[in-house]
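**Q** Sending over a structure as structure tokens; questions will come in a sec.
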Amino acid sequence: MRKALPLAVVILLLFAGMFVWCFCRIEPRNGQIAVLIRKTGKPLPSSEILALEKGQKGIQLDVLGEGRYFRNPYTWGWKFFPITDVPAGKFAVLVRRYGKEQEHGSIIAADENCRGVCRDVLGTGRHRINPYAYDVKLFDDVKIMPGNIGIVTSLAGEDVFSGTANDYSDENGFLVSENRKGVVKRVLREGTHRINPFLYSVTILNTQRQRHEFSGDDAITFLTMDGFPVSLQGTVEFNIDVELAPRLVQVVGDMEDILSKIILPSVHGFARIEGSKKQSTEFIVGESRRLFQEDLDKFLKANCRKWGIVINSVLIRDIIAPQSVASITRNRELAQQEAKKYEQEIQRARSEAELARQKMLAEQNLKKVAAETSQITALIAAKQRQSEALVAAETELEVAKLRLQAAEAQAKAMLNEAEANRKIIMKQNEMQVSVLKQQVEAFGGGEGYVRSKLWEKLMPGIQSILYKGDEHGEFGLPSIQKGGAK
């Protein structure tokens, strides 16, 4: 009995695990979601389809994504649905199927607790959306190409014909703010935009330069003052002002409406009024054709600019007048042109003669200028040589002055040297006199000094005579030697 109890527990646990795995397991696969449905609890109100409060019976708002979950099958039921996939180039708008009813019949959900279209959109990607709670509407991205803009019209909000009146200070009341129905002032620039189509509609408008030909059925036809029909063919180039484009689209319409309601009527109206003031011949030749085109250009620019249309150019390419009038006028024009041609030739001959005269005068002036230039050059050269000679003479004079100063200095030096030598000689003589005087006084007078000097002169001769080389002398006299007699 004790051994059977653990076995029963094991079997019970095994059956419990199999039950949980087989009947309680919720496992959404890749690309799936699971919506839970509560089988027990407080019943829902009759007007609700989702259990928004905890413990209510019915479909739950939150979904289970990919993974593995376990729920009691007695309390819960579930259903699998594919995940909401928004492909590239599209976006999704959710329509809430639960919540409070909208007031005044509006289809836009005021907040998260109201039924209707949600304001926010879902971009490209995969989203876990409860199919019982929302309907998913797919729309293409709004692509604005370069050179275009998007005019935005608000489809939700207050009606301009009820409640508060529109603000007439903003584009005369034709444009509205974001919270009212109608065309808004902001525009969409080039790029990709995701605009909720339940809230706004977008009209693509080309703002690049446009060209329209006034030919065929659009040719400008009118009667002149003298009753002849005249037809004008030409071209007008224009583009739309981005700042005024919303009001233009609101009041006038798209590009075809702009042409048929503003540009074409303005051209035809001006041509009929101004054309009836002129004779038919004025449209064939003369200055009137150019003036008519300039006036048409000014009128179109002024009249269309206030609507937001920029007129770039107006060109009248051809004017078709009655043949009877055109031939007469053409012949007269040819005659006038021929006369102008002869007059131009005469004027050309006069111009050539005047040119030749001017050329001769120019050559004379050139020679005169050359002579004057040569004279001025010679004068300048002479003055330059004179100046150079004067500078050389002044330089030699300065050198002579320097040499004179050097000679004077040399002579003065020689005089100083001679004077110094004289003084030296005089000193020497005075010294010799003094020595001689002392010697005379030493010999006792002049006679003794003279005798001494005589003996000094004679003694070397006498010694050579008496002294023959032997010790005693030639005559037996003792020899006299330096240092005394022996």
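The values are calculated or read from the model by the stated rules, or taken from the named source; none is laboratory data. What you see is a predicted model, and the numbers here were worked out from it, not measured in a lab. Note: ideal-geometry Cβ built from the backbone for every residue, glycine included; neighbour counts use all protein chains shown.
**Q** Residues Leu155, Leu50: which one is within 30 Å of Val251 (Cα to Cα) and modelled with pLDDT under 90?
**A** Being within 30 Å of Val251 (Cα to Cα) and modelled with pLDDT under 90 holds for just one of Leu155, Leu50, which is Leu155.
**Q** Still on this model: On the given criteria, is Ala326 surrounded by 14 or more Cβ atoms within 10 Å (Cβ to Cβ), in contact with a Pro (Cβ under 9 Å, 6 or more places away or on another chain), within 22 Å of Phe228 (Cα to Cα) and at pLDDT below 70?
**A** Values: surrounded by 14 or more Cβ atoms within 10 Å (Cβ to Cβ): yes; in contact with a Pro (Cβ under 9 Å, 6 or more places away or on another chain): no; within 22 Å of Phe228 (Cα to Cα): yes; at pLDDT below 70: yes.
So Ala326 does not fit the description; no.
**Q** Tell me, which residue of the range 76-104 that is charged (D, E, K, R) and more than 17 Å from Ser47 (Cβ to Cβ) is surrounded by the fewest Cβ atoms within 10 Å (Cβ to Cβ)?
**A** If we take residues in the range 76-104 being charged (D, E, K, R) and more than 17 Å from Ser47 (Cβ to Cβ), then Lys79 is surrounded by the fewest Cβ atoms within 10 Å (Cβ to Cβ).
**Q** Name the pairs whose Cβ atoms lie under 6 Å apart, with the first residue in the range 330-358 and outside the structural domain of Glu282 (by TED's automatic domain parsing), the second outside any helix (DSSP H, G or I) and modelled with pLDDT under 80, and 6 or more positions between them or separate chains?
**A** Listed by first residue and then by second, the contacts come to Glu333/Val285.
**Q** Okay, next question. Enumerate the pairs (first residue in the range 237-266 and more than 10 Å from Ile309 (Cβ to Cβ); second residue anywhere and of a type in the set (Phe, Trp, Tyr) and at pLDDT below 90) with beta-carbon separation below 9 Å, excluding pairs fewer than 6 apart on the same chain, so at least 6 apart or on different chains.
**A** Partner pairs satisfying both residue conditions: Pro246/Phe174; Arg247/Phe174; Arg247/Trp307; Gln250/Phe174; Val251/Phe174; Val251/Trp307; Leu264/Phe214.
**Q** While we're on this one: Check whether at least one residue in the range 301-317 is at pLDDT 85 or above, over 23 Å from Gly216 (Cα atoms), more than 51 Å from the chain's Cα centre (by Cα) and among the hydrophobic types (A, V, I, L, M, F, W, C), and report yes or no.
**A** No, because not a single residue in the range 301-317 is at pLDDT 85 or above, over 23 Å from Gly216 (Cα atoms), more than 51 Å from the chain's Cα centre (by Cα) and among the hydrophobic types (A, V, I, L, M, F, W, C).
**Q** Please verify whether Val184 is at pLDDT below 90 and in contact with a Leu (Cβ under 8 Å, 6 or more places away or on another chain), treating the condition exactly as stated.
**A** When the stated conditions are applied, Val184 passes them.
**Q** Another one. Within the bounds of the range 137-156, is there any residue that is surrounded by 14 or more Cβ atoms within 10 Å (Cβ to Cβ), farther than 30 Å from Asn206 by Cβ and touching a strand residue (DSSP E or B) at 6+ places or on another chain (Cβ under 7 Å)?
**A** no
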